[in-house]
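The values are calculated or read from the model by the stated rules, or taken from the named source; none is laboratory data. Remember, predicted model here, so these are calculated numbers, not experimental data. So basically every Cβ, Gly included, is an ideal-geometry build from the backbone, and we count neighbours across all protein chains shown.
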Amino acid sequence: MFHLGFIINPFAGIGGKVGLKGSDGEAIRAEAFARGAVSQSANRARITLEILKPYKDQLIFFTASGDMGENLLKELGFNYECVYSYQGASTAQDTIEAANKIVAKKANLFLFAGGDGTARNIYEAVGEELPVLGIPAGVKIHSGVYAVTPKAAGLVIEQMLNNELVSLLETSVMDIDEEAFRKGNVRAKKYGEMQVPAEHRYVQSTKSGGKEVEALVVQDIADYVVEQMEDDIHYLIGSGTTCAAVMDSLGLENTLLGIDHVFQQRLVQQDVYEKHILELLDAHPEKVKAVITIIGGQGHIIGRGNQQLSAKVLRQLGRDNLIVIATKTKLQQLNGKPLIVDSDDLALNEEFSGPIKVITGYEDSVLYPVGRI
């Protein structure tokens, strides 16, 4: 039998679609729910576990009660043992204590759904005692312990169950200061390392930091995007420094880690979230485009730092209305790996796969594949 530790952070990622850039702390959670946030981490974990359903007879899970794991495992018919119970809303301390119980059970692998805060909690309990694998469900995903998508996490475990050779690598546990993050400053800190079953298609790199490309190349991209803007189109300018260059070229104030609405080269609204975008799409169908970029070292164009572009938004927006921008250096850093669309809708992820145009300079673009992971 394969013994699998399993924990869900029920609050992971609730701030993403409502523009809060994190979910740490009761006040932020309350604000997220006030804005209409819905917990998504169990749905992300369900995608992973669906891959493992054919292997039910080979698996025993060690988990926590309620929404931290037991409910989903029971729903899907897996064999499990509840090793930790909690009352009320779960906390970071519940994650740590549940993880300690799982470590004591000597699980073969610890699977968890959350963000960088959850990874820190798991690290505090697990260290290097046993291998871990994260299901990406948070707003902040800097740590290298996460699979690139929930489906990919399932595929890694499937390889292990089929006795395929899967390397174990030491990868970094990272987290950032959320208060600084909301002000546009990324201050990532390394907290330690954990062992991760590594398969390069399915497990992400630690996010690249610093200036990756020459400023002139980014400026060329920005100037070209601005030159191509149409007066009757509403533009959603995404997060990241490459998109920030577009706002700089327009002479507009930028939300570095959010999405801004621009019309006729003027700022309409800063830091919009899912609700605002859906209202915009309803009011101006076929007149909205989104400018997005690639996360360095990983390849995500959807699902990392821009959860405001939810599956519901993307279905209305359409693939053809995505303007992807990146330098050739950033593409080369992917070492041939495809770009990734990681929404909460697997069918949509599949529909958005295939070659996509990426603007890489002034009047310079390439076709680059979006994968089916």
When every residue in segment 27-42 that is on the phi < 0 side of the Ramachandran plot and in a loop (DSSP other than H, G, I, E, B) is compared, the one modelled with the highest pLDDT is Gln40
Restrict the check to segment 14-26 and report whether at least one residue is of a type in the set (A, V, I, L, M, F, W, C), under 13 Å from Tyr273 (Cα atoms) and modelled with pLDDT of 65 or more.
yes
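Do any strands (runs of 3 or more DSSP E) entirely within segment 283-373 hold 1 or more residues that are within 25 Å of Gly138 (Cβ to Cβ), and if so, which?
By residue number, 288-293, 300-302, 322-325, 364-370.
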### Query
Residue check: is Glu350 touching a residue at least 12 places away in the same chain (Cβ under 8 Å) and in contact with a helix residue (DSSP H, G or I) (Cβ under 7 Å, 6 or more places away or on another chain)?
no
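Suppose the filter is acidic (Asp, Glu) and surrounded by 19 or more Cβ atoms within 10 Å (Cβ to Cβ); does Asp320 pass it?
no
Condition check: over 27 Å from Leu111 (Cβ atoms), modelled with pLDDT under 90 and not hydrophobic (A, V, I, L, M, F, W, C). Does Glu164 satisfy that?
The answer is no for Glu164.
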Test for Glu227: is it surrounded by fewer than 21 Cβ atoms within 10 Å (Cβ to Cβ), free of Cβ contacts under 8 Å to residues at least 60 places away in the same chain, in the same structural domain as Arg315 (by TED's automatic domain parsing) and in a loop (DSSP other than H, G, I, E, B) | no
Restricted to segment 251-271 and to residues being among the charged types (D, E, K, R) and part of a loop (DSSP other than H, G, I, E, B), the residue nearest to the chain's Cα centre (by Cα) is Asp271
Taking segment 113-147 and the residues there that are under 12 Å from the mean Cα position of the chain (by Cα) and modelled with pLDDT of 90 or more, the one that is farthest from Asp94 (Cα to Cα) would be Ala147
ask   = Within segment 292-301, is there a residue that is surrounded by 23 or more Cβ atoms within 10 Å (Cβ to Cβ) and among the polar types (S, T, N, Q)?
value = yes
